[in-house]
Amino acid sequence: HGLRHGEAVAIGIALDSRYSVECGLLPADAFESICGLLDTLGFDYNHPLLSQTGADGQLVVLAGLEEFRQHLGGELTVTLLGGIGQGIEVHDIRTDLLLRSVDHLAARFRAA
C-alpha cells in the first residue's frame, strides 16, 4: 500500500492510455492531452512500482493483471481508450506492448 488511491488511479490512466496508443487504438495527441492534465494536477504517474519485478523476474504489474483476471473469474477485461471518453473493452494484454508503455512513461517523466 505504497500509493494513495488517487495516485494509483492516475498511474492507471496514464498506463492504460499509453497502452491504447501502443495498440493503435488511441491517437498519440490524445495521450499527450491526458498526460498533460495529469502533469498539471501534479501526479507522478511514473512510480517505481511500475518497473518493480518479483522473485520470478516478472514485472509486478503483470502479476497484478493475472490476479485481477482470476478475481474476475478467469477472463480479463480491461477498458482501453479509442479516444477521450471512448472506452473499448479488451480481454488480452500483450506483454511487449505493456513493457513499451511502462518504458515510455518512464522516459516521458524523466524528460519533464
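So the values come out like this:
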{"read-out": "Enumeration of residues in the range 47-88 that are touching a residue at least 12 places away in the same chain (Cβ under 8 Å), under 19 Å from A28 (Cα atoms) and of a type outside the set (V, I, T)", "value": "L80, L81, G82, G83"}
{"read-out": "Residue check, L105 under 12 Å from the mean Cα position of the chain (by Cα), surrounded by 15 or more Cβ atoms within 10 Å (Cβ to Cβ) and of a type outside the set (F, W, Y)", "value": "yes"}
{"read-out": "Total residues in the range 75-85, condition open to solvent by less than 40 Å² (accessible area, probe 1.4 Å) and either of a type in the set (D, E, K, R) or modelled with pLDDT under 90 (or both)", "value": "2"}
{"read-out": "The range 1-44 - residue that is out of contact with any Lys or Arg (no Cβ under 9 Å at 6 or more places or on another chain) and of a type in the set (S, T, Y) and, of those, surrounded by the fewest Cβ atoms within 10 Å (Cβ to Cβ)", "value": "T40"}
{"read-out": "Unmet criterion (only one of (1) over 16 Å from L105 (Cβ atoms); (2) modelled with pLDDT of 90 or more; (3) in contact with a Gly (Cβ under 7 Å, 6 or more places away or on another chain)) for A30", "value": "(1)"}
{"read-out": "Residue among L59, L98 that is open to solvent by less than 70 Å² (accessible area, probe 1.4 Å), closer than 18 Å to I13 by Cβ and touching a strand residue (DSSP E or B) at 6+ places or on another chain (Cβ under 9 Å)", "value": "L98"}
{"read-out": "Filtered residue count, the range 45-56, keeping only those that are open to solvent by less than 50 Å² (accessible area, probe 1.4 Å) and either among the small types (G, A, S) or modelled with pLDDT of 90 or more (or both)", "value": "1"}
{"read-out": "I88 open to solvent by 50 Å² or more (accessible area, probe 1.4 Å), among the hydrophobic types (A, V, I, L, M, F, W, C) and in contact with a Ser or Thr (Cβ under 8 Å, 6 or more places away or on another chain)", "value": "yes"}
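The values are calculated or read from the model by the stated rules, or taken from the named source; none is laboratory data. These numbers were taken from a predicted model, which means no experiment stands behind them. All Cβ positions, even for glycine, are placed from backbone atoms using ideal geometry, and neighbour counts span all protein chains on display. Quick note on the areas: whole protein, heavy atoms, side chains included, nothing else; ligands and nucleic acids left out. Shrake-Rupley method; radii C 1.70, N 1.55, O 1.52, S 1.80 Å.
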